[in-house]
1. I'd like the FRET efficiency for A:Met1 and B:Glu73, computed as 1/(1 + (r/R0)^6) with the beta carbon distance as r and R0 of 56 Å, rounded to 0.05.
2. What are the semi-axes of the equivalent ellipsoid for region B:187-227, taken as the square roots of 5 times the Cα gyration tensor eigenvalues, largest first, in whole Å?
3. Shortest first and in nm to one decimal, what separations exist between B:Pro35 and its copies in the other chains, measuring from label points 7 Å along the Cα-to-beta-carbon line?
4. Using only the Cα atoms of chain B, each taken as one equal point scatterer with no solvent, compute I(q) by the Debye sum, divide by I(0), and report log10 of the ratio at q = 0.09, 0.12, 0.16 Å⁻¹.
5. Count neighbours as other Cβ atoms within 10 Å of each site's Cβ, and list the GluC sites (Glu not before Pro) in region A:220-277 that are DSSP loop with at most 12 such neighbours.
6. Towards the positive end of the charge dipole of the protein assembly as shown, with charges on Cβ (+1 Lys, Arg; -1 Asp, Glu), say which of A:Met216, A:Ile299, A:Pro56 has the farthest Cα.
7. Please report, in cubic angstrom per residue, the volume enclosed by the convex hull of the alpha-carbon atoms of the protein assembly as shown.
8. In region B:180-269, which chymotrypsin sites (Phe, Trp or Tyr not before Pro) are in a loop and have at most 13 other Cβ atoms within 10 Å, using DSSP for the loop call?
Number of protein chains: 2
Amino acid sequence: MLSSEAWVEAITARNVRAAARFISRIEAGDPNVTPALKELYRRGGRSRIIGITGPPGAGKSTLTGQLTKHYREHGLSVAVLAVDPSSPHSGGAILGDRLRLANHSADPGVFIRSMASRGRLGGLARAVGDTIIVLDAMRWDVVLIETVGVGQSETDIMRHTSAVILLQTAMGGDEVQAAKAGIMEIGDIFVVNKADHPEADRAVRVLEEMISLTQMLCPEKMWRPPVVKTQSLSGDGIGDLVEKISERFRFLESHPDIARANRREQVAHRVAEILRDMADRRLRESPGSEVDSMIDDAITRGTDPITIAERIFSQ
Amino acid sequence: MLSSEAWVEAITARNVRAAARFISRIEAGDPNVTPALKELYRRGGRSRIIGITGPPGAGKSTLTGQLTKHYREHGLSVAVLAVDPSSPHSGGAILGDRLRLANHSADPGVFIRSMASRGRLGGLARAVGDTIIVLDAMRWDVVLIETVGVGQSETDIMRHTSAVILLQTAMGGDEVQAAKAGIMEIGDIFVVNKADHPEADRAVRVLEEMISLTQMLCPEKMWRPPVVKTQSLSGDGIGDLVEKISERFRFLESHPDIARANRREQVAHRVAEILRDMADRRLRESPGSEVDSMIDDAITRGTDPITIAERIFSQ
């Protein structure tokens, strides 16, 4: 059992075995990681944290593999965190097609980790946020956070990143609808993958139109999300995408006010997430028998869930 | 401004205008609804709460419309809550194709409400849970909760119901993958919609296989989810589906131990959700300037989000 200081020292020295073990403790919900995490946060802030998201089957894993390869060829170190909120398997498990990243397994400039739902509401996003603190403190040049899913969990995970790549396949009407609502707003760069699909150009056009509309409605948004066509299997368009990612970070550097506003929002979101986790812990740490008997009482309508929550919260 | 007693009286008397106004207050996050909600919970427990979920484009709204029609023809009163976690629009807005339900608008035996994301993490599921308390206290015979989305928010919403109908379209490999992971476990009844699709029978077969596997792995699960083929546009198979829903409720009645375990889980989940909401409230009610200056400090790495959360939580 290492001390917090020893964990911090090992992790900031980029000891990947220590980091992997520490991340497993984060995943397990071990409260003893807290002191080290606080210190690791204070040591961080240097990595470029990039999110990659989109619907199932859009080609996220393959694209993540291509980006990793590209960055490695340009001498940058890369950490990949693959998050699957819909899977119960974590850690060493194969998520999506992790195999495509396997050829980096002997490369000390690449760190790959997968993380899955622990079946607890809110818990996954918190664990991802904590893991990003670890990766950031290890000073990987690039940290890629890949996640599948549509909706809240995806949005929550992407909020931990500074550049969100939103992947789309050439698509029919329904998917466009899904892209319009909600998810649109989190994308900093749009990628239409499977560029050889007959519908690809139409998908690009639809996205461009939606972006133009957004820019018109929200002129205060200084960053106009570019749309890039890729073919993640062959690697076509990856250079283009990397250039757009660099542009995104140059934009944040040249607009410190916007970068700062984004950071504030990220930190505020993290604080809210941690607070929620504390509420969860308070429930877990309440005497089980007491909670059980209150729940039994609620089933027969003698009490109600709000009253139970109030009692636990004020304990 | 009504008193809590007056709200409870109006809602339990099935005053739909009062209920609609009260639900709007729930959506707005008004803390003053709490005393009435507690009492409404204690008055409830009579409605059959049914969840309907599945990927975008699977035909959930149309199926909901068909179920509503069927129940009405059999003299049952129906409340419909359509939830769209990916949309920012709520209340009177048209979600999906609400229009298909419009022919019930003059029918006092039908209540239709839509609800969308309020952009707050966790907030939507809590608002849905509270709204179900209202609908249950109004004693609609059937309460249909329809939601789109894949992943956590959908699962959280479905946890408020006693019978979950999981809709699938005839589908390709990716969708089957998505169905396998995570979502599978929440379905009590599987529906393959668009039954005339050439892939429909294959989809039924794949689902049956997955269900058999689940039953084999978890023999303690007494309920074996049936698979129903429907054609929601024409209404084919709806009678079959309704019969399976009735079977589900008969099963719960004849297995009080399982029903009770489900209820315990539902209440425990609700308590956790409300606790998290309380944590959110504590953050919102903290002096803004104080939180802001702590966040600024975190951006320059002088403090960290965990320390900030600890300070707010212990206030």
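1. Here the calculated transfer efficiency is 0.25.
2. Square roots of five times the eigenvalues give 22, 10, 5 Å.
3. 4.7
4. The computed values of log10 I(q)/I(0) come out as -0.50, -0.85, -1.35.
5. Answer by residue number: A:Glu220.
6. The residue sitting most towards the positive pole is A:Ile299.
7. It comes to 164 Å³ per residue, whole-number rounded.
8. none
Quick note: the coordinates plus some simple rules give every number you see, no bench work behind them. Owing to the predicted nature of the structure, the values given are computational and were not obtained by experimental measurement. All Cβ positions, even for glycine, are placed from backbone atoms using ideal geometry, and neighbour counts span all protein chains on display.
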